[in-house]
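Notes to accompany the following structure.
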Amino acid sequence: MKKIKELYLNYKEVINYLIFGVLTTIVSLVVYYISVYTFLDPENALQLQIANVISWIAGVTFAYFTNRKYVFESKTKNKVKEAGKFVFARLTTLILDMLIMWLGVTILHLNDKVFKLIAQVLVIVSNYVLSKVFVFKK
């Protein structure tokens, strides 16, 4: 047990980032599913995208607060500026995700599931790096 605790303490930031990343994904999916099963029609292209945006906003909001407190343990007083940087960083990786999907699936006609996995790995790493060096830098 002591070894596990030591391992956790050595990699606390990365482990917490992964834990809260999974929870962020769950929040995003739950909000999406609630949206499409209650008040938005996923058969309607516009409403489908509205559900996607609502779930993205919920996920990013949850991620900001959990990353701030539990992952990077930010003590910054200017939370509005910090939150703005966080949203900007997440928008940047959203664009990265969209570009990877466009290139791999639309241009190269490769498997969308494979490219979504590739995109997600790059997005997760990019989100961590941007959060560490741009948003929550010490």
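The values are calculated or read from the model by the stated rules, or taken from the named source; none is laboratory data. On a predicted model such as this, the values are computed, not experimentally measured, just so you know. Here Cβ is always computed from backbone atoms with ideal geometry, including for glycine, and neighbour counts include all displayed protein chains. Accessible surface is based on the protein model in full, side chains and every heavy atom, while ligands, DNA and RNA are left aside. Shrake-Rupley method; radii C 1.70, N 1.55, O 1.52, S 1.80 Å.
For segment 54-80, the set of residues classified as out of contact with any Leu (no Cβ under 9 Å at 6 or more places or on another chain), in a helix (DSSP H, G or I) and open to solvent by 20 Å² or more (accessible area, probe 1.4 Å) consists of Ile57, Ala58, Thr61, Phe65, Arg68, Lys69, Tyr70, Lys79, Val80, listed by residue number. Taking Tyr32, is it under 23 Å from Phe65 (Cβ atoms), open to solvent by less than 70 Å² (accessible area, probe 1.4 Å), in a helix (DSSP H, G or I) and without any contact (Cβ under 8 Å) to a residue 24 or more places away in the chain? Spelling it out, Tyr32 is indeed under 23 Å from Phe65 (Cβ atoms), open to solvent by less than 70 Å² (accessible area, probe 1.4 Å), in a helix (DSSP H, G or I) and without any contact (Cβ under 8 Å) to a residue 24 or more places away in the chain. Counting the residues of segment 81-102 that are without any contact (Cβ under 8 Å) to a residue 12 or more places away in the chain and farther than 15 Å from Tyr64 by Cα gives 4.
Among residues of segment 120-138 that are farther than 20 Å from Met98 by Cα, those with a beta-carbon under 6 Å from a residue that is open to solvent by less than 50 Å² (accessible area, probe 1.4 Å) and hydroxyl-bearing (Ser, Thr, Tyr) at least six positions away or on a different chain give the pairs Phe136/Ser74. Return yes when Leu18 is open to solvent by 80 Å² or more (accessible area, probe 1.4 Å), part of a helix (DSSP H, G or I), out of contact with any strand residue (DSSP E or B) (no Cβ under 7 Å at 6 or more places or on another chain) and modelled with pLDDT of 95 or more and no when it is not. Against the criterion (open to solvent by 80 Å² or more (accessible area, probe 1.4 Å), part of a helix (DSSP H, G or I), out of contact with any strand residue (DSSP E or B) (no Cβ under 7 Å at 6 or more places or on another chain) and modelled with pLDDT of 95 or more), Leu18 qualifies. Any residue that is of a type in the set (Val, Ile, Thr) and not in a helix (DSSP H, G or I) - is there at least one of those in segment 118-135? No, segment 118-135 has no match at all.
Selection within segment 98-138: residues that are under 19 Å from Phe20 (Cβ atoms) and charged (D, E, K, R). The member of this set that is least open to solvent (accessible area, probe 1.4 Å) is Lys132. Does any residue of segment 1-10 turn out to be out of contact with any Gly (no Cβ under 9 Å at 6 or more places or on another chain) and buried (at least 17 other Cβ atoms within 10 Å of the Cβ)? Looking for residues that are out of contact with any Gly (no Cβ under 9 Å at 6 or more places or on another chain) and buried (at least 17 other Cβ atoms within 10 Å of the Cβ), one finds none in segment 1-10, hence no.
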